[in-house]
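The structure under discussion appears below in the form of structure tokens.
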Amino acid sequence: MSFTRRAAVAFVGVAALLSAAACGGDDGGGADSKNVEVFTWWSDGGEKAGLDGLVSRFNTDCAGQTFQNGAVAGGAGANAKSVLASRLQQGDPPDTFQAHAGAELLDYIDAGQIEDISANYDTWGLKAAFPPGLISNLTVDGKIYSVPANIHRANVVWSNKKVLAEAGVTTDPKTLVEFFAALDKVRAAGVKAPLAVGKDWTQLMLFESVLISNLGAEKFTGLWNGSTDWNGADVTTSINDFKRLLTYTNSDRDALDWTDAEKLVMDGKAAYQLMGDWEAADLDAKGFTDYGYLTFPGNGSTFQWLADSFVLPKGAKNAGGTECWLKTVGSAEGQKAFNTKKGSIPARTDAVPADYPKYQQSAMADWKSATQVPSCAHGAACSQGWQGAANSALGAFSTKQDVASLQKALASAAGQFTKK
Ligand code: GAL
């Protein structure tokens with residue numbers, strides 16, 4: 001925030017001050033300075049519905065500013081992140097972009113690409129609005145660099161109820177052994193590939209869930225902070241279990257995004273898919289209602305979390321407009337407009353569960369009582385470099401199915417990327 005704008009707002013009352021500080025941005029950025037380019041990968045279905053909800057709130061809160069959609073399609077930012085990296089490198093940042101709380105955010109902070117917005121947190125009263133654990137995932141050396149929009153859960157299995165009923169699967173599997181038995185049953189009923197999966201990062205998610213089942217929450221978290229050995233026997237067991245799970249999946253997996261795999265479930269060509277809870281919103285947006293959901297078998301009460309947050313990049317053309325966007329993202333109304341459509345739960349602790357669809361109500365309850373572990377596929381647990389190495393190791397495994405090579409590649413990625 002510039003000195004000039006601070007001086008100007010000193011003359012107005014408190015309410016006006018808040019809106020002027022956030023929304024009155026004259027950043028001197030020239031003809032386009034009222035455009036706020038928001039860079040995400042939310043281009044379709046439930047993701048777009050969530051973004052649209054946030055934008056409608058932004059339009060109300062930030063009159064005079066214009067939302068500019070900078071979305072680049074591709075689940076988990078598979079395409080967006082490389083476009084973003086090259087724009088940041090060329091000094092052409094969007095006005096704001098989505099970044100996952102945790103290790104991924106640290107990449108941008110370490111590279112000096114985003115601004116410290118701690119002062120906004122104080123002005124907007126955000127420190128008290130978010131859970132302390134999340135605040136600590138956003139804080140580096142006492143400074144905060146982004147505003148979280150939500151909490152997503154990664155370790156959820158989505159199902160086609162009709163397919164399960166036809167196969168005679170009447171209860172949700174609670175362990176990996178029960179999961180294999182249910183998959184066998186569905187296959188015996190004529191569904192060739194009962195577990196739908198897509199390419200690399202979706203396989204990494206599935207594998208992370210298997211690791212949680214076999215290692216438990218604490219040892220799983222230790223994989224990302226150096227306290228659990230990737231060469232251990234429980235990791236080998238997990239790779240073997242994962243290999244077995246792949247035998248139930250569609251053979252074209254490496255060519256599919258998460259939405260393509262989801263379609264297999266909707267079309268009754270598969271019974272189950274492990275995916276983050278953006279799938280709830282996407283199934284709703286696509287009008288598919290006959291779905292069930294369960295925590296990945298064996299994960300018990302572990303909640304594998306990730307959080308989308310928005311940042312103010314260094315050199316953003318319309319910093320004032322971005323501040324207004326960030327204020328909306330962090331506001332109770334903004335979080336409601338976004339999360340009721342996105343499948344996630346609000347990061348704020350003051351949300352009213354009754355305002356949310358049924359799935360999110362259950363996720364809100366779980367978030368409070370469950371043991372939390374971070375996701376690597378979605379940037380909470382591991383840096384982008386580590387995530388890239390894990391994705392390519394999983395990609396290679398999908399073709400070669402070589403257990404020892406996968407374990408070696410994952411152990412070597414951990415050796416390279418674990419923060420000392
Ligand atoms: C995640 C992101 C979610 C959702 C998902 C699928 O990385 O945090 O909000 O968009 O990718 O694209």
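Values as computed for the structure displayed
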item	result
Theoretical ellipticity at 222 nm over the chain - DSSP helices of four or more residues, -39500 (n - 2.57) apiece, nearest 500	-15500 deg cm²/dmol
Relative contact order %, the stretch 146-247, counting alpha carbon pairs below 8 Å whose residues are six or more apart	21
Length gained when the stretch LYS174-ARG87 is fully extended (0.36 nm per residue, less Cα-Cα span)	26.8 nm
Within the accessible area of the stretch 285-395 (1.4 Å probe), percent carbon and sulfur	53
Residue-span extension gain [LYS358 to ALA332] - 0.36 nm each, minus C-alpha spacing	7.4 nm
Candidate aspartates and glutamates - alpha carbon under 19 Å from LYS143, same-chain residues fewer than 8 apart omitted	GLU104, ASP107, ASP110, GLU115, ASP116, ASP122, ASP308, GLU323
Peptides ranked, highest mean first, by Cβ atoms within 10 Å: ranges 170-176, 40-46	40-46, 170-176
Cα gyration tensor category, rounded, prolate or oblate, for the stretch 301-395 with a/c compared to 1.5	oblate
Taking N as its residue count, the alpha carbon Rg of the stretch 67-119 over 2.2 N^0.38 Å	1.15
Cα long-axis angle, helix 403-417 against the chain (0 to 90 degrees, to the nearest 10)	20
Highest-first arrangement of 219-225, 156-162, 378-384, where packing means the average Cβ count within 10 Å	378-384, 156-162, 219-225
Taking the convex hull of Cα positions in the chain, its mean projected area over all directions (nm²)	19.5
Per-residue HN-Hα couplings for the stretch 114-121 [Karplus 6.51, -1.76, 1.60; θ = phi - 60°; Hz; x = Gly/Pro]	10, 8, 6, 10, 4, 4, 5, 4
Gain on full stretching of the segment that runs from ASP254 to ALA128 - 0.36 nm per residue minus C-alpha separation	41.1 nm
Average Cα contact separation per residue, the chain, under 8 Å, 6 or more apart, as relative contact order %	29
The stretch 54-117 versus the stretch 167-218: alpha-carbon centroid distance in Å	34
Highest-first arrangement of 282-293, 192-203, 260-271, where packing means the average Cβ count within 10 Å	192-203, 260-271, 282-293
Accessible area expressed per residue, the chain, with surrounding protein chains retained (probe 1.4 Å, Å²)	39
Of all accessible heavy-atom area on the stretch 101-212, the percent that carbon and sulfur account for (1.4 Å)	53
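The values are calculated or read from the model by the stated rules, or taken from the named source; none is laboratory data. Bear in mind the structure is a predicted one, so any value in this text is a computation, not a measurement. Counting neighbours? That spans all protein chains shown, and the Cβs are built from the backbone with ideal geometry, glycine included. All accessible areas refer to the heavy atoms of the entire protein, side chains included, with ligands and DNA or RNA removed. Shrake-Rupley method; radii C 1.70, N 1.55, O 1.52, S 1.80 Å.
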